[in-house]
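As structure tokens, the structure follows; a few thoughts come after it.
Bear in mind that the values in this text are calculations on the coordinates, not laboratory data. What you see is a predicted model; the values in this text were computed from it and never measured. As a convention, Cβ positions derive from the backbone with ideal geometry for all residues, glycine included, and neighbour counts pool all protein chains shown.
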């Protein structure tokens, strides 16, 4: 799929998008900055028009980093959380860093699933800095609801990255775990030159030094996938946040 999506052919791309619209629900390109695409990948990673998303600027609010369907969410029971009802996993299974395991123990998590038809770029949910990305190579299982109810510890098996956004107050820090999935299985961070995918052969701990304002773009998936957001126990879910609902990038997700 990665090879096919990179083929530069306007007519093939138009044909592919036509069939994509037949089988994918709610593929809406009216918000896209670009109207014509040379490849399917250009469509997958499309940018939005200026002003297409509004960012909640209130300091005590953590916004959604992406357009998504909200999956499992809530309070982490010690170090245990859920990918779906009856399918628990441990923070240590997902995040190898012991310091982060302890920091977000008993905190709050939200699973955000990006469907293939959605906007694929992800943004900073708070203002803060990123100094390191921990890339973890793995499988490329599908992360749709059916797979989540059948495959134990699915997120912990897949290719993923751990990205902590730090602030002047550690209790306000946020960790993002983008999880790649079937088909393209690639993540691109704006602070890194090389995409993180199954061809990557560099170090797992990748230093960087980037500061983000709330809503700044951090990177993109090259196909639909999942981001799991972690916050400390000084946060709570915003009113009305529940599994199965759609949320857009920039809308309130957590409050402190």
Between the range 38-90 and the range 129-173, what is the separation of their alpha carbon centroids in Å? 12
Based on DSSP H runs of at least 4 residues, each adding -39500 (n - 2.57), what is the mean residue ellipticity at 222 nm of the chain after dividing by all its residues, to the nearest 500 deg cm²/dmol? -3500 deg cm²/dmol
If eta is 1.002 mPa s and T is 20 °C, what Stokes-Einstein diffusion coefficient results for the range 25-66, Kirkwood Rh from Cα pairs, in µm²/s? 174
By Cβ neighbour count within 10 Å, fewest first, 50, 93 rank 50, 93
Specify the angular offset, from 0 to 90 degrees and rounded to the nearest 10, of the alpha carbon long axis of helix 10-23 from the longest principal axis of the alpha carbons in the chain. 60
Pairwise Cα inverse-distance average, inverted: Kirkwood Rh of the chain (Å): 18.5
Rg/Rh for the range 128-237: what does it come to with C-alpha atoms and Rh from Kirkwood? 0.97
Suppose we keep just the alpha-carbon trace of the range 1-124; what are its Rg and Dmax in angstrom? 18.5, 53
Measure off 7 Å from each Cα along the Cα-to-Cβ vector at residue 242 and residue 17, then give the distance between these two points in nanometres to one decimal. 3.7
Fully extended, how many nm does the chain gain between residue 205 and residue 29 (0.36 nm per residue separation, minus their Cα-Cα distance)? 59.8 nm
On full extension of the chain, what length is gained from residue 255 through residue 9, given 0.36 nm per residue of separation minus the C-alpha to C-alpha distance? 84.0 nm
Just the Cα atoms of the range 181-256: what Rg and Dmax do they give in Å? 15.3, 43
Please arrange 11, 141, 20 by how many other C-beta atoms lie within 10 Å of their C-beta, fewest to most. 11, 20, 141
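Counting other beta carbons within 10 Å of each residue's own, what order do 99, 121 fall into, fewest first?
Fewest-to-most ranking of 99, 121: 99, 121.
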For the range 214-256: Kirkwood Rh in Å [reciprocal of mean 1/r, alpha carbons]: 12.5
Gain in length, residue 50 to residue 152, computed as 0.36 nm per residue apart minus the alpha-carbon separation, to one decimal in nm? 32.7 nm
